[in-house]
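Here's the structure we're looking at; comments come further down.
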């Protein structure tokens with residue numbers, strides 16, 4: 001066998017291995033560069049009471065989840081029962097960011113499907129969403145006591161991710 | 001009165017020209033950024049909601065005096081390197097940027113080796129072979 | 001009933017292909033004439049069966065049989081007839097059936113036109129091609145059956161993607177596949193030659209016309225795709241370095257290197273093992289492209305719907321066929337000598353340099369396309385590699401190739417002299433440099449890249465014409481000159497468009513005018529129009545130049561009712577020296593519209609150049625040498641004795 005042929009075969013095998021690995025990846029999923037960095041601060045009006053406002057810095061000192069949702073988002077309905085269960089268990093408070101929505105539509109949706117949130121703020125133009133690197137809905141952020149993002153869930157929260165990733169992380173962060 | 005109109009006209013034309021330039025810069029910068037909700041389109045080409053929002057961000061930032069570099073950094077901070085169509089030059093992308101020239105270099109090396117090897121002298125004939133060759137040639141002459 | 005017949009036909013085809021490949025390959029190994037004799041009729045039967053299956057699928061589309069899942073997903077009763085037919089290849093399963101049909105067509109063609117080949121060689125070639133068919137038929141039957149039923153049948157279908165409801169859809173995939181799949185012939189010839197242990201000049205001569213014709217189809221297919229994207233997508237782009245576009249470009253680059261390499265192997269017996277490797281690579285890249293488009297590993301506007309099972313199957317086919325061929329190559333070429341020798345300055349050297357450049361170019365596109373995947377798989381994060389990268393690295397590699405294109409045809413085989421070439425070419429060099437550097441001034445503003453590009457293009461044209469000046473002029477030589485000139489025309493188009501295109505995104509109300517590229521565009525009004533399966537806003541735009549009215553354009557913004565998707569139909573005024581491109585965007589408040597107006601100088605030279613290249617290839621492929629006659633049989637005897 002000539003060395004040239006061996007090289008070519010070797011590269012070919014590496015290529016096939018690479019492509020096989022590629023089949024397990026999702027090219028559309030964009031990991032967040034904000035994990036491990038300070039959560040962008042915001043101060044937004046409440047969904048339910050527009051004159052009142054909520055600032056993210058009010059949450060310093062405790063662990064919390066920020067869930068980005070919208071009434072026009074179909075997958076949000078898929079994750080909603082999971083969030084409701086989580087809220088009932090009281091393991092970690094969930095705050096909602098109503099993204100690019102109309103107030104009436106958001107309120108109506110919560111009334112119809114249930115409200116797992118301590119409160120929801122409304123980001124009508126999506127500017128806070130841009131700061132958080134939101135590109136699809138739903139997305140969920142786990143934020144620690146110092147106000148740092150420690151995990152971002154892209155897409156609906158499932159019972160598996162809750163059990164395997166989010167809750168253990170919350171437990172660990174609470175002990176810090 | 002006329003002076004006010006003149007100033008206003010100059011200002012207006014300045015804004016109008018400025019707007020055109022701004023739009024050009026917005027479009028040029030948008031072409032460098034990826035639309036994250038689309039299947040491989042730039043922010044300039046896409047009509048998705050997020051693309052429209054991000055183009056508006058770009059317009060506001062460039063309009064308020066920030067540089068192209070600043071806007072790109074803003075996007076990368078929030079969405080990562082994935083959002084840049086021109087891959088940044090980092091340790092992880094060095095191979096990408098010099099790869100083509102490495103390939104070319106490799107090709108040229110192989111090319112030179114091939115040309116040299118075809119010109120290698122054939123091994124000189126041994127005495128016995130020389131005698132045989134002479135015998136053939138003599139026979140041919142008859 | 002008919003879809004079931006189609007499925008039966010496919011199953012039968014699988015059996016026939018398997019049988020044909022086994023009997024042909026085993027027969028060739030054992031020199032058993034009876035077994036080998038099955039190859040030709042079996043290949044024809046295969047083609048007929050696949051064609052029948054394809055006909056069943058088209059029939060299902062035409063009669064709106066929505067109980068067939070594939071039809072329900074890709075068609076609709078309101079869809080005009082020609083798009084119902086083209087819809088047959090609008091989705092994954094159907095386009096795969098088209099792929100397999102075209103493979104059958106090529107196999108039958110080889111079966112018909114291979115009488116002059118030694119029986120063992122023909123049997124081996126057909127054996128390999130049938131093996132490939134077996135793979136793809138199995139792929140279809142096990143993971144991507146176009147005839148799967150959807151019960152209960154929906155009342156109506158989900159409609160063909162509006163982007164595909166266009167004449168381009170009728171032509172582009174078939175042409176592209178004719179090219180892609182056509183490289184399987186060169187591949188099969190290479191594998192057959194490796195199996196026989198004979199890699200001589202005759203193999204190259206047999207292989208060459210098939211490869212050239214496949215290359216012609218691929219050139220046309222890619223050009224059609226680019227032209228279609230240009231007028232269909234609405235923003236005036238014609239090449240995006242999208243992964244799927246790259247997936248068709250890589251085989252093209254490799255195929256171009258291959259046809260040049262085959263020329264050397266045929267004439268001088270040199271480069272034999274490199275030519276075989278190129279033949280394997282060209283088809284490997286076709287298979288890789290098929291994988292990339294259908295497996296979901298890369299994001300692209302062209303990608304089909306994703307199913308990991310399918311990705312695994314195609315990867316398996318890829319590993320099997322290409323891995324097998326490469327292993328065979330490694331085993332057999334150890335014994336092959338160097339072949340003919342040649343001087344450092346000779347036509348062989350120039351062609352070898354050309355191959356190096358084309359291979360580096362293909363490698364570059366490969367690197368850029370797969371790098372994000374590799375980085376992600378190795379945990380290095382996600383990056384994007386967009387047009388900016390490709391343009392930066394591709395041009396420096398292709399520019400020298402263009403320069404060599406002028407010199408190569410004038411160099412003599414085996415031994416040429418640089419001083420002699422310099423004397424021959426000095427006027428061509430001087431004229432192309434001067435004109436090339438001066439012409440940009442005629443376009444308005446001088447740009448160095450434009451001067452560079454135009455000089456290179458002129459150089460290629462002048463040097464190519466020079467090469468015709470003496471000696472016998474065969475059709476093959478004319479073909480080469482025409483193809484090279486086509487390339488120069490292409491370069492002129494690209495250079496001038498990129499250098500001088502202009503656009504404006506304007507908010508226009510009826511009565512507003514916008515100026516671009518020296519032309520005036522007046523929006524006269526926007527009206528509502530209904531199409532067969534869409535509602536549209538149709539604008540009336542009057543174009544004038546220096547006060548003289550030229551044309552009225554009607555860009556549309558369509559809402560396709562079934563999928564509720566919005567699409568813009570650009571209006572283009574095509575001209576030899578420029579296109580005027582108007583597209584209607586979103587409606588704004590106050591009765592205004594977002595209108596994008598573009599001036600594209602010389603853009604049609606891009607596709608014109610590609611067509612000229614294809615014509616050159618066609619001329620070369622139909623050279624007298626390749627027209628088979630009884631002579632050929634005697635030639636073989638002479639070659640064997642020599």
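Every number in this text was worked out from the coordinates using simple rules, so none of it is lab data. Just so it is clear, the structure is predicted and the values come from calculations on it, not from any experiment. All Cβ positions, even for glycine, are placed from backbone atoms using ideal geometry, and neighbour counts span all protein chains on display.
Points to keep in mind about this one:
- Neighbour-count order for C:384, C:43, A:174, fewest beta carbons within 10 angstrom listed first: A:174, C:384, C:43
- Average beta carbon contacts from partner chains per residue of A:11-17, 10 Å cutoff: 4
- Whole-angstrom gap from the range B:73-136 to the range C:3-40, using each part's C-alpha centre: 42 Å
- Cα gyration tensor, chain C - rounded (a/c under 1.5), prolate or oblate: oblate
- Residue B:21-residue A:26 pseudo-label distance in nm [points 7 Å out on the Cα-to-Cβ vector]: 4.5 nm
- Debye-formula intensities of the range C:338-395, expressed as log10 I(q)/I(0) at q = 0.18, 0.25 Å⁻¹, are -0.70, -0.98 (one equal scatterer per alpha-carbon, no solvent).
- For the protein assembly as shown, radius of gyration divided by Kirkwood radius, i.e. Rg to Rh on alpha-carbons: 1.01
- Each residue, residue A:53 and residue C:424, gets one label point 7 Å from its Cα in the Cβ direction; the gap between the two is 8.0 nm.
- For the residues of C:30-41, the average number of beta carbons from a partner chain within 10 Å of their own beta carbon is 0.
- Peptide B:107-116 shows a mean partner chain C-beta count of 5 within 10 Å per residue C-beta.
- Put simply, the convex hull of the Cα atoms in the range A:33-175 casts, on average, a shadow of 7.6 nm².
- Taking the three principal axes of the alpha carbon atoms in the range B:50-112, the coordinate ranges are 56, 20, 20 Å, sorted in descending order.
- Among A:51, C:242, the ranking by other beta carbons within 10 Å of each residue's beta carbon, starting with the fewest, stands as A:51, C:242.
- Cβ crowding within 10 Å averaged over residues, with C:106-114, C:489-497 ranked highest first: C:489-497, C:106-114
- As a rough guide to protection, the peptides C:346-355, C:274-283, C:607-616 ranked by mean Cβ packing within 10 Å, highest first, stand as C:274-283, C:346-355, C:607-616.
- Our analysis of the range C:361-498 gives Rg over Rh at 1.09, with the two radii drawn from alpha carbon positions and Rh computed by the Kirkwood formula.
- Gap separating the Cα centres of the range A:101-121 and the range A:1-36, nearest whole Å: 44 Å
- Descending semi-axes in whole angstrom, ellipsoid equivalent of the range C:502-601, from the Cα gyration tensor: 24, 15, 11
- Look at C:211, C:256, C:568 and count the other Cβ atoms within 10 Å of each Cβ; fewest to most, that gives C:568, C:256, C:211.
- Enclosed volume per residue, in Å³, of the convex hull spanned by Cα atoms of the range C:1-163: 99 Å³
- Between the C-alpha center of the range A:147-176 and that of the range C:85-124 there is a gap of 54 Å.
- The protein assembly as shown: antiparallel DSSP beta bridges as a percent of all, rounded to 5: 85 percent
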